[in-house]
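*Asks:* Take this structure, written in structure tokens, and hold onto it; I'll ask about it next.
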Amino acid sequence: MKKTKVLLSLVLSFLMIFSSIGILAEETNTASVSFTDVETGTKTFDAITKLVAHGIMNGYPDGTFKPDGSITRAEVAAVIVRFQKLADNLPADAVTGFSDLDNDSSAAWARPYVKAAVDAGIINGFDDGTYRASEPVTYEQLIKMIICAINYDVIASSEKSKLEAMGQTTTWSSGYIAAANRYGITANALMANVTMPASRGTVAMVTSNALDAPVI
């Protein structure tokens, strides 16, 4: 019996040591993330670090992240799919159903991501049957995608109804933005003009906030 207890104690100690090594390695990898154009200790840095650690966004080969740079609708589709953990086994020959994207060889890389996001009910495209992959994503488009990615679309519909009941003028994105504001998705990432392009830093901040959003 004593030998059994000693053996069990040794096994537990062994497992605890290696578990600690794994945790330290993860913390070291996360802490080592740095970009020459992102100030450490800022909210933006924290958000970017989190997304890089999760494999959702990456920087550039020159060591920059370009937080103020624009990001296309195709690139955001990839971010959303990685956020949703749908990036495994994406079909290389995906057909999205968007005429412009399916016929654009230069955007072939984006088709699997867009297709996955469409199948998940996150992306709809435009009424004319296009996706416009190379266009910069606007703030309201970004918020809509994120809200749908975390299954808050029913909340968005309810929020829009509340605004209209109060006599406020709404647009197609009003409910999505109201829901995002209510649950902290837009914390440290507010934009006055929601029709303007969202920066890479804004995408990082909103997506990082969404990772912490309560499951509803």
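For (1) within 20 Å of residue 84 (Cβ to Cβ); (2) out of contact with any strand residue (DSSP E or B) (no Cβ under 6 Å at 6 or more places or on another chain), each residue gets a yes or a no:
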site: 102; (1), (2): no, yes
site: 125; (1), (2): yes, yes
site: 134; (1), (2): no, no
site: 173; (1), (2): no, yes
site: 202; (1), (2): yes, yes
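*Asks:* Which of the following residues is of a type in the set (D, E, K, R) and open to solvent by less than 40 Å² (accessible area, probe 1.4 Å): 73, 82? I'd like the intermediate steps shown before the answer.
*Replies:* Values: 82 fails: open to solvent by less than 40 Å² (accessible area, probe 1.4 Å).
The unique qualifying residue is 73.
*Asks:* Starting from segment 97-111, keep only residues that are within 12 Å of residue 132 (Cα to Cα), then list their pairs with residues that are exposed (fewer than 13 other Cβ atoms within 10 Å of the Cβ) whose Cβ atoms are within a distance under 6 Å, requiring at least 6 positions of separation or different chains.
*Replies:* That search, which allows pairs on different chains as well, returns 99/129; 102/95.
*Asks:* Follow-up. Of all residues being more than 16 Å from residue 120 (Cβ to Cβ) and among the charged types (D, E, K, R) in segment 74-105, which is nearest to the chain's Cα centre (by Cα)? Just the residue, please.
*Replies:* Of everything passing the filter in segment 74-105, 75 is nearest to the chain's Cα centre (by Cα).
*Asks:* What about residue 108, is it buried (at least 21 other Cβ atoms within 10 Å of the Cβ) and either closer than 18 Å to residue 74 by Cβ or under 22 Å from the mean Cα position of the chain (by Cα) (or both)?
*Replies:* No: the conditions fail for residue 108.
*Asks:* A further question follows. Being charged (D, E, K, R) and assigned to a helix (DSSP H, G or I) is the filter; apply it to segment 37-72 and report the residue that is farthest from the chain's Cα centre (by Cα).
*Replies:* Going through the qualifying residues, I end up with 43.
*Asks:* OK, next. Could you give me the residue pairs with C-beta distances under 7 Å whose first residue belongs to segment 116-128 and is without any contact (Cβ under 8 Å) to a residue 12 or more places away in the chain, whose second residue is part of a loop (DSSP other than H, G, I, E, B) and surrounded by 11 or more Cβ atoms within 10 Å (Cβ to Cβ) wherever it lies, and which are 6+ apart or on separate chains?
*Replies:* 126/132
The values are calculated or read from the model by the stated rules, or taken from the named source; none is laboratory data. The structure displayed is predicted, hence computed values, not measured ones. FYI the Cβ positions are ideal-geometry reconstructions off the backbone, even for glycines, and counts take in every protein chain you see. Keep in mind that these areas ignore ligands, DNA and RNA; they rest on the heavy atoms of the full protein, side chains included. Shrake-Rupley method; radii C 1.70, N 1.55, O 1.52, S 1.80 Å.
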